[in-house]
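Structure in structure tokens, see below.
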Amino acid sequence: MLPLAFPDPPLVAGGVVLRPWRDEDLEPAYRATQDPLIPRFTHVPPGQTLAQLRVFIHGLDHARAHGEELAFVIADAATDELLGTASLLRLDWIAARAEIGYWLAPWGRGRGAATTATTLLADWALTSLPLHRIELRIDADNTGSLAVADRAGFVREGTLRAFEERGGRRPDVVVWSRLATDP
């Protein structure tokens, strides 16, 4: 396991910045996760409470220190408002691969923030960490995220049928990847 450090300087482009979580992000993140699309398409539990979210966010430091996850707030670069989150997760250091997961708050959608954040994080991870492969695993019904994957330069590889539970369902999941050797 490799302890993870946040990029210095922070990753910034297209009006967004990827930065560490802060206590003041808790309330807007809670409001965002009440949007039914987030638990439907991610691993955020339906009906998540503010206390549960607080426990999750406070556990991110442990995961980072143990090389398990590096979680960022996607924030507006001008106002620092939370727009969503992006994480480098499910790291397999032996296989040199990881996954990126993300969600956007309803007020953060439609401005290219997910594409920018995913591109920034993938570019940084493939050039700064000993990783060769980054994956996205997207619910086949999540048309917005499928478009993000394509715009961020990921290659669609295939579909995993009824892959895992998300929001009380077992949807098909589309796998996308970027490799360190991709142009």
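The values are calculated or read from the model by the stated rules, or taken from the named source; none is laboratory data. It should be emphasised that the depicted structure is a prediction, and the values quoted were computed from it without experimental measurement. Note that each Cβ is placed from the backbone with ideal geometry, even for glycine, and that neighbours are counted across all protein chains shown. The protein model used for the area step is the full one, side chains on, heavy atoms only, and it has no ligands, DNA or RNA in it. Shrake-Rupley method; radii C 1.70, N 1.55, O 1.52, S 1.80 Å.
Please calculate how many Å² of accessible area segment 43-163 carries per residue, with a 1.4 Å probe and no DNA, RNA or ligand atoms counted.
With the other protein chains kept in place, segment 43-163 gives 46 Å² per residue.
I'd like the carbon and sulfur percentage of the solvent accessible area for the chain, probe radius 1.4 Å, heavy atoms only, ligands and nucleic acids excluded.
55 percent
Right, here's the next one. In Å, what Rg and Dmax follow from the Cα atoms of segment 62-183?
In Å, with Rg to one decimal and Dmax whole: 14.2, 41.
What residues have an amide H closer than 5 Å to that of residue 132, excluding those fewer than 5 places away on the same chain, when H is modeled at 1.01 Å from N in the peptide plane?
Here the answer is 97, since their amide H atoms fall under 5 Å of that of residue 132.
Starting at the first residue of segment 20-30, write each ³J(HN,Hα) from the Karplus equation 6.51 cos²θ - 1.76 cosθ + 1.60 with θ = phi - 60°, in whole Hz, x for Gly and Pro.
x, 5, 10, 4, 6, 7, 4, 5, x, 5, 4
Right, next: What percent antiparallel are the DSSP beta bridges of segment 1-145, to the nearest 5?
90 percent
Further question on the same structure: Using only the Cα atoms of segment 65-112, what semi-axes does the equivalent ellipsoid have when each is the square root of 5 times a gyration tensor eigenvalue? Give whole Å, largest first.
Each semi-axis is √(5λ); the values are 26, 11, 7 Å.
Is any residue of segment 51-80 close enough, with backbone N under 12 Å, to a label point placed 7 angstrom from the Cα of residue 5 along the Cα-Cβ axis, and if so, which?
Those under the cut-off are none; the list is empty.
Note down, for segment 11-134, the three equivalent ellipsoid semi-axes (square root of 5 times each alpha carbon gyration tensor eigenvalue), biggest first, whole angstrom.
22, 18, 13
A follow-up question, please. Quick one: plug the Kirkwood hydrodynamic radius of segment 85-145 (C-alpha pairs) into Stokes-Einstein at 20 °C, 1.002 mPa s, and report D in µm²/s.
174 µm²/s
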